[in-house]
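Let me begin by presenting the structure, written as structure tokens, before commenting on it.
The values are calculated or read from the model by the stated rules, or taken from the named source; none is laboratory data. Since the model is a prediction, treat every value here as computed from it, not as a measurement. In this analysis, Cβ positions are derived from the backbone assuming ideal geometry, glycine residues included, and neighbour counts consider all displayed protein chains.
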Amino acid sequence: MNKGNKDISLKENERIDDLQRNGYCIIQDPGRFCFGMDAVLLSGFAVVKDGARVLDLGTGTGIIPILLEAKTKAAHLTGLEIQADSAEMAARSVALNGLEEKIDIVAGDIKEADKLFDAASFDVITCNPPYMIGQHGLQNPSDAKAIARHEILCTLEDVISQAAGLLVPGGRFFLVHRPFRLAEIIVTLTKYKLEPKRMRLVYPFADKEPNMVLLEAVRGGRPRMTVEKPLIVYREPGVYMPEIYEVYGY
């Protein structure tokens, strides 16, 4: 099932899911948080050149570094995760696939990433951040799912400002977010000299409004942004469009 450490232990409620890439698997706990399509689409949207050093901010299960290791020839990938339990689980997934030499999982706060890593030390930074502003309607702000979905422990500006300082000049930042915050995202990117270069809107169905936006920004880039053709997820309920099957590797 995998080519790594077959002796990795699972904790209560955890399961192993097949990623359909290079025989890789990932450990997940449905009671905490499972990766979604947004993370997979971001891994397909990101451009990682051979030999690149990659950082994923708020890595959660570690899904993005693991998928990027499978899809690219990056020299090294790092996942930063503030929740200790999630970081430990992600590290076990890395070990499960025998990727300890290629992927590091670091437990730490995005807001203090500049204290954990050297300035201008990454060629590519990815992030699938919390989408919802503040704690409106939250029952339990310390819940793992709430932290993943709401800006409880970090804000959009925290993510973008840290990414700007950690990227090399000309380095690329890839983000997946919600279209309702697009104006704020672009203003914040340009504030920190991350020039938006490429954007793609994701639609659940062709006749529905977009529910995700994929963005690429370049540190110190010149103003000019390409808006790519829409990405449609479903042909009909339960049936993906061909491009989605390609991203997932089916």
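Numbers for the structure displayed
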| read-out | value |
| --- | --- |
| One residue from Ser161, Ser121, Ser93 being closer than 22 Å to Ile186 by Cα, at pLDDT 95 or above and among the polar types (S, T, N, Q) | Ser161 |
| Test: residue in the range 111-118 that is surrounded by fewer than 21 Cβ atoms within 10 Å (Cβ to Cβ), at pLDDT below 95 and touching a strand residue (DSSP E or B) at 6+ places or on another chain (Cβ under 9 Å) | no |
| Residues of the range 177-223 classified as surrounded by 16 or more Cβ atoms within 10 Å (Cβ to Cβ) and either hydrophobic (A, V, I, L, M, F, W, C) or in contact (Cβ under 8 Å) with a residue 60 or more places away in the chain (or both), total | 16 |
| Given (1) closer than 19 Å to Leu215 by Cβ; (2) crowded, with 21+ Cβ neighbours inside 10 Å; (3) touching an Asp or Glu at 6+ places or on another chain (Cβ under 9 Å); (4) in contact (Cβ under 8 Å) with a residue 60 or more places away in the chain, index of the condition Gly44 fails | (2) |
| Scope the range 161-180; condition part of a strand (DSSP E or B) and either hydroxyl-bearing (Ser, Thr, Tyr) or touching a Phe, Trp or Tyr at 6+ places or on another chain (Cβ under 9 Å) (or both); matching residues | Leu167, Val168, Gly171, Phe174, Val176, His177 |
| Every residue from the range 28-41 that is touching a residue at least 60 places away in the same chain (Cβ under 8 Å) and either in a helix (DSSP H, G or I) or under 21 Å from Tyr203 (Cα atoms) (or both) | Met37, Asp38, Ala39, Val40, Leu41 |
| Residue within the range 8-18 that is in a loop (DSSP other than H, G, I, E, B), under 19 Å from the mean Cα position of the chain (by Cα) and either of a type in the set (D, E, K, R) or modelled with pLDDT under 95 (or both) present | no |
| Residue match in the range 140-157 (condition: modelled with pLDDT of 95 or more and in a strand (DSSP E or B)) | no |
| Test: residue in the range 218-233 that is among the acidic types (Asp, Glu) and closer than 30 Å to Ser121 by Cβ | yes |
| Condition met for Gly4 (modelled with pLDDT under 95, crowded, with 17+ Cβ neighbours inside 10 Å and either under 10 Å from the mean Cα position of the chain (by Cα) or of a type outside the set (Asp, Glu) (or both)) | yes |
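This table checks each residue for (1) touching a residue at least 60 places away in the same chain (Cβ under 8 Å); (2) part of a loop (DSSP other than H, G, I, E, B); (3) buried (at least 21 other Cβ atoms within 10 Å of the Cβ).
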position	(1), (2), (3)
Lys49	yes, yes, no
Val54	yes, no, yes
Gly60	yes, yes, yes
Leu99	yes, yes, yes
